[in-house]
Amino acid sequence: MRTRSVVAYKGPSGASVEIVKQTFSSARPKPARRVSFLAGLHGDELEGVYLCFLLVQYLRRLKETEPGAFLGEVNVYPAVNPQALCHGSRLWPFFSVDMNRLMGEPAGNSLPAGACRELLADLKGCSDLAVDLHSSNQHLAELPQIRIVKDFEKKLLPLALQCNVDVIWVHPMAGVFESTLGYNLNRAKVPTLVMELGICLRIHRDFCSQILDGAIHLLHHAGVLNSSRRPRGEIKMPLVLKADQVGLVQAKRAGLFAGRVKLGDRVGKGDKIGDVVDPVRGETLEEVVSPFKGTIFTLRELPLIYEGAPLVRVALDGPDER
Amino acid sequence: MGEAVSLYKNVWEKGHFVDTLSIVAGLHGDHLNGLHLVSLLSRFLQDVEDGRLPGFRIAGKIQLFPMVNIQAVMEGERLWSFDNLDLDLAFPGSSCGELADRLCNVLYKHTADSNYALLLDASEKRCVSIPHIQLLQPDRSLRRAARYLAGEIPGGGPDRFPGLGIVRELQPTPAFQLRLYNQWIENNVCALVLAGGRSAGIDPETNGALLANVVNFMLAVGVLAHATRKAEKGEARFYSLENERRVSASHPGLFLPEARVGESLRQGRKLGELRDIYSGETLEELFAPQDGLLLTLRDYPLVYQNETVATLLVEKERRWYWPFS
């Protein structure tokens, strides 16, 4: 394993801050393919950081025991927003900026924009395929899923099917994506899967274990690894959802949401999802029921809600379930 | 917990088929200069409506939004903290989304049909800059509008600010399309950004002077009228990105400025120096790379390596627009 710093700068105290890349090189003179995994663009999304730990641990052992298994190259960027990670915050502290809204900006604009530019350039230079690992924000928890902008479906869907996720959500393009890392890499013809799992500031070990299996499977599928000790377990066949196959239930009132369902639960039309309550007056403001039939793949975790807050997303069983 | 989240606007209107000017402040909770300027405008316009300013009358529709990001203002923060969201990267929003989306969408719907719009913005975070106008890909009508907003700030002058005659052309970035200003431009609103000052602070003297510029602008676009006084074109200097020179710190440390924003600098003029926090040693002296006007200067002393500490406007392709009528 080779450790390299791809972005480095010093803070006011002189302490160095670095974005580190771990590279597992190919046993061949020319790698069959190069795959990059990165995590922590939002510093509070720790599932991906933990997953990188699991992946590095697995690859180190494989390198020691079966170095010939590396037909290609694997790069792991475990913490690409190191200061936010130390702070446990979504945004890059001090500058209060979202790194995943700065991609594609000219370098001269600011230090974070320059760092994003260097990171993006490094990824472009060393990746034939990339996986950008995210958790949800503090409000929602997500079943392991891959989100694909419709424009890139043809190239990404076959790869996403190899990742052992529960859901693949193909959604339309929106302006907000243009400044994201995933979109910019895909535009640069580096196929990039954007994965969401769990919730920020927590680690869901089962989800991480599931996605580790998916990552190893993807590496074998991509021809980067060819290990005799490859896990033989079946990978999941995910639900592949188009935009009209996702049902969103939102709060009609502000208050506290007390949920009654779990991620992955099946719901039918009219099934109770939870209550919105007014703790000050001791009243139930809304009994939330599902207008859809399907599988819950997003669930409200932060009980504090305003009107319009998303409570659950349901993978619809069919187009008639809306 | 039942507290209402409200978006307030103050409206002065004369007749139904008139032009509309929208002025928006407080998209970020630390942009307090804008809040203050809107409060001055509100008082002025109410005095006009109440007949306390002879000669002036409301001739169109003027709507002021003093404080859009109420949550952040109340918390003393820059961002909408519930979602860690930069509200100026959430437009046009959605009528059926979360609260921040709805708020942005309401503001957009209330302003997108305006004939004219002004967004009151602060300087970059942790910097101070001279008051100036910002435009995106300006056409003739936008340039013309900028000249009516431009003009000397009484009490400004060379020792203070050089007047509101600086017009910067904004650079579109991938995230720019999510900004309110960009949504206005795409909706063919004649829209300008009035930026400057420092975040998390108020400069009452400059705001008092800027009030006159905005009143002149209102006279020019016809939403305000005066019995005898006509709007006057100011002198505007247009600067594109090519005219900007950023000066960055090669070392981290404490930045101690020597120059002042608004100062016309000669090449080699010292901008400030960087000191090591622990030893007090001077790590680096920073100088103006060429002649120019100091637009922005670092206001907060702690500096990361490679951060911009100053922005100069240089006269590479200077174009003058004189106030021909």
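The values are calculated or read from the model by the stated rules, or taken from the named source; none is laboratory data. Predicted model only: the values in this text are computed from it and were never measured. Reconstructed Cβ throughout: ideal geometry from the backbone, glycine too, with neighbour counts over all protein chains shown. We work out accessible area using only protein heavy atoms, side chains counted, and drop any ligands, DNA or RNA first. Shrake-Rupley method; radii C 1.70, N 1.55, O 1.52, S 1.80 Å.
Odds and ends about this structure:
- 3J(HN,Hα) couplings calculated from phi for the range A:11-25 with the Karplus curve 6.51 cos²θ - 1.76 cosθ + 1.60 (θ = phi - 60°) are, in sequence order, x, x, 7, x, 5, 7, 10, 9, 9, 9, 10, 9, 10, 10, 7 Hz; Gly and Pro show x.
- Computed over the Cα atoms of the range B:180-325, the ratio of the radius of gyration to the Kirkwood radius (Rg/Rh) comes to 1.06.
- Positive minus negative residues near residue A:213 (Lys, Arg vs Asp, Glu; Cβ under 12 Å): +1
- Shielding of A:152-165 by partner chains, average beta-carbon count, 10 Å: 0
- Cross-link reach list, aspartates and glutamates versus residue B:61, counting only Cα pairs under 19 Å and skipping chain neighbours closer than eight places: B:13, B:19, B:47, B:49, B:50, B:113
- 20 Å cut-off, amide nitrogen to a point 7 angstrom out along residue A:317 Cα→Cβ, residues in the range A:251-269: A:261-269
- Neighbourhood net charge (12 Å Cβ-Cβ; Lys/Arg +1, Asp/Glu -1) for residue B:223: +1
- In order along the range B:199-210, the phi-based Karplus estimate (6.51 cos²θ - 1.76 cosθ + 1.60, θ = phi - 60°) of 3J(HN,Hα) comes to 6, 6, x, 10, 10, x, 5, 5, 5, x, 6, 5 Hz; Gly and Pro are listed as x.
- Approximate shape of the range A:1-79 as ellipsoid semi-axes (Cα gyration tensor, √5λ), whole Å, largest first: 26, 15, 11
- Accessible area expressed per residue, chain A, with surrounding protein chains retained (probe 1.4 Å, Å²): 41 Å²
- Between residue A:4 and residue A:28, the modelled label-to-label distance comes to 2.0 nm, taking each label 7 Å out from Cα in the direction of the beta carbon.
- For the range B:17-93 and the range A:284-322, distance of Cα centres in Å: 36 Å
- Counting Cβ atoms of other protein chains within 10 Å of each Cβ in A:4-10 and taking the mean gives 2.
- Heavy-atom accessible area with a 1.4 Å probe sorts A:287, A:45, B:235, largest first, into A:287, B:235, A:45.
- Taking each DSSP H run with n ≥ 4 as -39500 (n - 2.57) and averaging over every residue of the protein assembly as shown yields -7000 deg cm²/dmol at 222 nm.
- Averaged over the residues of peptide A:48-54, the number of Cβ atoms from other protein chains lying within 10 Å of each residue's Cβ is 0.
- Each 10 Å bin from zero up to the one holding the largest Cα-Cα distance in the protein assembly as shown carries the following percent of pairs: 3, 14, 23, 23, 19, 13, 5, 1, 0, 0.
- For the cross-link pairs A:150/A:262; A:30/A:189; A:30/A:154; A:155/A:236; A:252/A:272, the ones whose C-alpha atoms lie over 24 Å apart are A:150/A:262; A:30/A:154.
- Amide H partners (placed H, <5 Å) of residue A:289, local residues excluded: A:273
- In percent, rounded to a whole number, the relative contact order of chain A is 17, using alpha-carbon pairs under 8 Å and six or more apart.
- Axis angle, to the nearest 10 degrees, between helix B:99-111 and the longest C-alpha principal axis of chain B: 60 degrees.
- Semi-axis lengths (Å, descending) of the ellipsoid that matches the C-alpha gyration tensor of the range A:244-321: 23, 11, 10
- Peptides ranked, highest mean first, by Cβ atoms within 10 Å: ranges B:8-20, B:111-123: B:111-123, B:8-20
- Of the three principal axes defined by the Cα atoms of the range B:1-131, the extents in descending order read 47, 37, 28 Å.
- Share of Cα-Cα pairs in the range B:244-317 lying beyond 18 Å, as whole percent: 32 percent
- Dimensions (Å) - chain A, Cα atoms, principal axes, largest first: 66, 50, 33
- Taking max minus min of the alpha-carbon positions on each principal axis, chain B gives extents of 65, 55, 35 Å, largest first.
- Candidate cross-link partners of residue A:10 among the lysines, defined by an alpha-carbon separation under 29 Å and a same-chain spacing of 8 or more, comprise A:21, A:124, B:125, B:270.
- Of every Cα-Cα pair in the range A:167-322, the percent that sits beyond 20 Å: 62 percent
- Taking the DSSP beta bridges with both ends in the protein assembly as shown, the antiparallel portion is around 65 percent.
- Dipole of the range A:2-240, positive direction: furthest Cα of A:51, A:38, A:127, with charges on the beta-carbon: A:127
- Table column - 3J(HN,Hα) (Hz), the range A:180-195, Karplus curve with 6.51, -1.76, 1.60, x for Gly and Pro: 9, 5, x, 5, 5, 5, 4, 4, 7, 6, 9, x, 10, 9, 9, 10
- Between A and B, buried accessible area from a 1.4 angstrom probe totals roughly 3200 Å², ignoring ligands, DNA and RNA.
- Taking Cβ atoms as reference points and 11 Å as the exclusive limit, the residues near residue A:277 contribute a net charge of -3, counting Lys and Arg as +1 and Asp and Glu as -1.
- Extending 7 Å from Cα along the Cβ direction at residue B:74 and again at residue A:121 yields two label points whose distance is 4.5 nm.
- Cut-off 11 Å (backbone N to label point 7 Å along Cα→Cβ of residue A:153), residues of the range A:163-180: A:169-173
- Simple label model, 7 Å out from Cα along Cβ direction - residue A:221 to residue A:63, nm: 2.5 nm
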